[in-house]
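J.: This is the structure, below, for whatever I ask next.
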Amino acid sequence: MKRLFLLASLGLFLCGFPSDLIAWGTTGHRVITEIAQRNLNKKAKKQVDKLFDKQHLAYWANWADFIKSDTLNTWKHTSIWHYVNMPANMERNNFNAFIKDIEKDNVYSEIPKLLTILKDKNNRKEDRKIALIFLIHLVGDMHQPMHTGRADDLGGNRIKVYWFDRETNLHSLWDSALVDFEKYSYTEYATVLNVLTKDEKKAIQKGTLEDWLYDSHNIANRVYEISPYGSRLSYDYNFIVRPIVDSQLQKAGLRLAKILNDLW
Ligand SMILES: [Zn+2]
């Protein structure tokens, strides 16, 4: 009986764990880095092996989220690196100027800085390793549409929705509930997604960081439109957005591979 009670309390504790502020959940980030890993060229693979002492990218994929729980606050300044807020329905013409002008650190401002640290082999290995850890995570985050969401609702965190009658919010739904709904392991998910032809991959890998962010912005607009506050979402929502979730995971993985292949 006592054991049953303990198990029940643990269950309650786990259910109540605040996953809302975490980015693409652990599965999403691992899928993305696993797709990237499988699309690295030889040179990039060698560099990653060196910096990560042969650990795969997936092993470090979620570290940038885990450290948000560090009570010493060593990494507190990095918590705003995971997203960039923007107003609704921006025009492509004004977009580059808009994101370049944002004063606070954000996912867009940080990625080039991390690349600069990584590129310079005179930097300490430890610093380059940390830069790589953040890079592989942030490229993932910028493809989670709610990480390019609106400031007033905290990227969907304030938009209450119900997922199969369970109360959650739009940000959390896109971080993890939708990814985990498929019940794939991260390697299975990477395998079913990593089936594109060379040309299809090239098409996804084309473009600039700004193009990719604008793409996420457009998807965010659509997500806001189809999931207003209080929505009760289940199978039919999953049916509509599944191709979007899959394609964002795929894009993030392939573009991360492209960034690393070009870097080295
Ligand atoms: Zn994150």
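J.: Which of the listed residues, A97, I133, I67, is farthest toward the dipole's positive end in the range 17-263, when Lys, Arg count +1 and Asp, Glu count -1 at the beta-carbon?
T.: Result: I133.
J.: Can you work out the FRET efficiency for the pair I240 and E167, with r the C-beta to C-beta distance and R0 = 25 Å, to the nearest 0.05?
T.: Calculated value: 0.75.
J.: Quick check on the chain: take the gyration tensor over C-alpha atoms, sort the square-rooted eigenvalues as a ≥ b ≥ c, and tell me if it's rounded (a/c under 1.5), prolate or oblate.
T.: It comes out rounded by the Cα gyration axes.
J.: Relative to the Cα centre, what is the charge dipole magnitude of the chain, using +1 at the beta carbon of each Lys and Arg, -1 at the beta carbon of each Asp and Glu, and rounding to the nearest 20 debye? Write out the running numbers ahead of the final one.
T.: Details: 37 positive and 32 negative charges, 220 e Å.
That gives a dipole near 1060 debye.
J.: A follow-up question, please. Tell me the net charge near Q248. Cut-off is 13 Å between Cβ atoms, Q248 excluded, with +1 for each Lys or Arg and -1 for each Asp or Glu.
T.: Once positives and negatives cancel, what remains is 0.
J.: Search the structure for amide H atoms under 5 Å from the amide H of L233, placed 1.01 Å from N in the peptide plane, and list their residues when 5 or more places away or on another chain.
T.: Those qualifying (amide H under 5 Å, at least 5 residues apart or on another chain) are Y162, W163, F164, D165.
J.: For a quick check: with amide H placed at 1.01 Å from N, whose amide H comes under 5 Å from N169's, ignoring anything fewer than 5 positions away on the same chain?
T.: V161
J.: Between S79 and R38, 0.36 nm times their residue separation minus their Cα-Cα distance comes to what?
T.: Value of the extension gain: 11.9 nm.
J.: Compute the distance from the alpha-carbon center of the range 49-122 to that of the range 167-190, in whole Å.
T.: Taking the Cα centre of the range 167-190 as reference, the centre of the range 49-122 is 21 Å away.
J.: So between F95 and D262, what do we pick up on full extension, going 0.36 nm a residue minus the alpha carbon distance? Intermediate values should be presented prior to the final figure.
T.: Working: separation 167, 0.36 × 167 = 60.12 nm, distance 2.47 nm.
Residue separation times 0.36 nm, minus the Cα-Cα distance, leaves 57.6 nm.
J.: At 0.36 nm per residue, minus the direct Cα-Cα distance, what do F66 and T191 gain on full extension? Give it in nm, one decimal, please.
T.: Extending this stretch completely gives an extra 42.4 nm.
J.: Report the relative contact order of the chain, percent, no decimals, based on alpha-carbon pairs under 8 angstrom and at least 6 residues apart. Before the final figure, lay out the partial values.
T.: Values: 317 pairs, mean separation 83.1, N = 264.
It comes to 31 percent, rounded to a whole number.
J.: Which of the GluC sites (Glu not before Pro) found in the range 65-125 are loop residues per DSSP with 12 or fewer other Cβ atoms within 10 Å of their Cβ? Before the final figure, lay out each step's value.
T.: Details: sites: E91, E103, E110; in loops: E91, E103.
Sites meeting the loop and neighbour criteria: E91, E103.
J.: Taking trypsin sites (Lys or Arg not before Pro) as candidate sites, keep only those in a DSSP loop with at most 15 other Cβ atoms within 10 Å, then name the longest stretch of the chain containing none of them.
T.: Longest site-free region, per DSSP loop and neighbour criteria: 207-264.
J.: Using the Karplus equation 6.51 cos²θ - 1.76 cosθ + 1.60 (θ = phi - 60°), what ³J(HN,Hα) coupling, rounded to whole Hz, does each residue of the range 49-58 give in order, writing x for Gly and Pro?
T.: For the range 49-58, the Karplus curve yields 4, 5, 5, 9, 6, 6, 5, 6, 4, 4 Hz.
A short reminder: the numbers here are calculations on the coordinates, not readings from a lab. Remember, predicted model here, so these are calculated numbers, not experimental data. Using ideal geometry, Cβ is built from the backbone for each residue, glycine included, and neighbour counts are taken over all protein chains shown.
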